[in-house]
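Asker: Please find one structure pasted underneath; my questions will follow.
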Amino acid sequence: MPVNLVSFLKKGKMNTDIINHSRKEFSMMNVIVTSQNFTVTPKIEKVVRLKIVKRLDKLLQNFDDSLKTFRIRIEKDKFDNYQLSCELTLPKKETIYCESKHIKFLSALTDLQQKAEKQIKRYKDSITPYSLG
C-alpha cells in the first residue's frame, strides 16, 4: 500500500465500502485435488488455487462457475519427480487434459498452467463465431 493510503486508513478518513470492495473475492470453478504417494496440505491446495485455478478462471470468466470443473492429480514417483495431470471440464461437454512432470513442484505446476492456458485459448477460438463481412 502506498504511504498516503495507509495514513488515510489510520486516520479513518477513507470510506469502509471502498476497503471492502477492494477485498472482494471472485467466485471460482469447482476444484478437486487428489494425490498418490503424496499428501496434499492446505498450503499446497492454496498454491494450486492461486497459481492455476485463478488464472484459468480469468480466461473462462464468461462461463458459469457451476459448469466448470477442474480436477488435478498430484503424484510423486520413485525418483521424486512430481507428475501433475489436470482435467478441465467445460461447457458443451468439452474436456481439456494436460500433464506435466518435473523434479520441482512449482515448476511442474507452472508448466501445467501454460499447457492448460494454451488449450483454453484454442477452445475459446473454436467456439467464437466469426463474421466474414
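The values are calculated or read from the model by the stated rules, or taken from the named source; none is laboratory data. A quick note: this is a predicted structure, and the numbers were derived from the prediction, not measured. Cβ sites come from the backbone with ideal geometry, for glycine too, and all protein chains shown count toward neighbours.
Asker: Here are Asp65, Asp80: which of them is closer than 21 Å to Tyr123 by Cα and of a type outside the set (A, V, I, L, M, F, W, C)?
Answerer: Result of the check over Asp65, Asp80: Asp65.
Asker: Mind checking which residues of the range 78-106 are within 15 Å of the chain's Cα centre (by Cα), farther than 17 Å from Asp57 by Cβ and of a type in the set (S, T, N, Q)?
Answerer: Selection gives Ser85 alone.
Asker: Restricting attention to the range 55-69, and to residues there that are among the charged types (D, E, K, R) and surrounded by 14 or more Cβ atoms within 10 Å (Cβ to Cβ), which single residue is modelled with the lowest pLDDT?
Answerer: So the residue we want is Asp65.
Asker: Also, quick follow-up: Identify, by number, the condition in (1) out of contact with any helix residue (DSSP H, G or I) (no Cβ under 8 Å at 6 or more places or on another chain); (2) under 17 Å from Met29 (Cβ atoms); (3) in a strand (DSSP E or B) that Phe63 doesn't meet.
Answerer: Of (1) out of contact with any helix residue (DSSP H, G or I) (no Cβ under 8 Å at 6 or more places or on another chain); (2) under 17 Å from Met29 (Cβ atoms); (3) in a strand (DSSP E or B), only one is false for Phe63: (3).
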